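Since the structure comes first, as structure tokens, the remarks are kept for the end.
All of the numbers you see were taken from the coordinates with simple rules; none came from a lab. No experiment lies behind these values; they were computed from the predicted model shown. Every residue, glycine as well, gets a Cβ built from its backbone with ideal geometry; the counts of neighbours run over all protein chains shown.
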Amino acid sequence: MAHSPAAVPLGALEQGCPIRVEHDRRRRQFTVRLNGCHDRAVLLYEYVGKRIVDLQHTEVPDAYRGRGIAKHLAKAALDFVVEEDLKAHLTCWYIQKYVKENPLPQYLERLQP
């Protein structure tokens with residue numbers, strides 16, 4: 001099976017460790033380290049009110065797309081909103097899609113229009 005030069009073999013992500021999302025509250029981002037520490041996927045958010053966060057952007061490097069990494073980031077961010085009893089505005093199209101595909105009551109009740 002041939003890989004394009006930018007493609008990373010599927011096993012490269014799973015070999016070392018399972019997908020682990022890290023939350024950096026100071027930088028207001030969730031990250032997943034990929035292939036060691038060289039690449040990373042990220043979900044960015046900002047506080048737009050005292051108890052309201054805007055989940056703004058999710059980005060996964062091209063070579064890692066289609067492996068469910070963005071789902072882990074979206075779940076971690078929404079779980080953070082629930083755990084901290086915040087409201088969320090969803091600017092990011094991917095998180096909007098994730099919520100439509102996973103319409104859990106604890107997520108839906110915290111969404112801002």
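What are the lysines whose alpha-carbon lies under 22 Å from the alpha-carbon of Lys100, with same-chain residues fewer than 8 places away excluded?
The reachable lysines, counting only those whose Cα sits under 22 Å from Lys100, are Lys71, Lys75, Lys87.
Efficiency by 1/(1 + (r/R0)^6): what FRET value for Asp39 and Lys71, r their Cβ-Cβ distance, R0 = 22 Å, to the nearest 0.05?
FRET efficiency, Asp39 to Lys71: 0.80.
I need the GluC sites (Glu not before Pro) found in region 20-113, filtered to DSSP loop residues with at most 12 other beta carbons within 10 Å of theirs.
Sparse-neighbourhood loop GluC sites (Glu not before Pro): Glu84, Glu109.
Given R₀ = 25 Å, what would the calculated FRET efficiency be for Asn102 paired with Ile52, taking r from the Cβ atoms and rounding to 0.05?
0.75
Taking H as built 1.01 Å from N, whose amide H comes closer than 5 Å to the amide H of Asn35, not counting residues under 5 places away?
Result for Asn35 returns nothing.
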